Amino acid sequence: MKTWKTKLFGDNRFNFYGWIVVGLLICGSSLWYVVRAIKLGAGRSPTGLLLMAIYFVLIGHFGIALTNYHSRVAKTLESEEQEKDSKQSD
């Protein structure tokens, strides 16, 4: 049984495509701030270099988590489509 929570926050097409857009926005905007910080001289200080290294590790973790989420949701959506197709052919 699907409740409103499952329909809104569960594995559905809206969340799948929404997180694609949100992931691109997060990565793009954060990269814009990093480039802006480098132009202002953040690459010249040891603290700035350390923060950039931490940024790249965190953005890598975010990318891996987003990829895992998308693969899980895609698998769920494909299995739902197969169930729907098998019910229609019966």
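The values are calculated or read from the model by the stated rules, or taken from the named source; none is laboratory data. These numbers come from a predicted model, not from an experiment. In this analysis, Cβ positions are derived from the backbone assuming ideal geometry, glycine residues included, and neighbour counts consider all displayed protein chains. Remember, those area values only see protein heavy atoms, side chains included, never the ligands or the DNA or RNA. Shrake-Rupley method; radii C 1.70, N 1.55, O 1.52, S 1.80 Å.
For segment 42-90, which residues satisfy the criterion of being over 27 Å from residue 18 (Cα atoms) and either aromatic (Phe, Trp, Tyr) or open to solvent by 80 Å² or more (accessible area, probe 1.4 Å) (or both)?
44, 46, 47, 49, 50, 51, 87, 88, 89, 90 - these are the residues of segment 42-90 that are over 27 Å from residue 18 (Cα atoms) and either aromatic (Phe, Trp, Tyr) or open to solvent by 80 Å² or more (accessible area, probe 1.4 Å) (or both).
Does at least one position in segment 3-23 carry a residue that is touching a residue at least 24 places away in the same chain (Cβ under 8 Å) and farther than 30 Å from residue 81 by Cβ?
no
In segment 1-41, what residues are open to solvent by 50 Å² or more (accessible area, probe 1.4 Å) and among the charged types (D, E, K, R)?
Within segment 1-41, 2, 5, 7, 13, 36, 39 meet the criteria.
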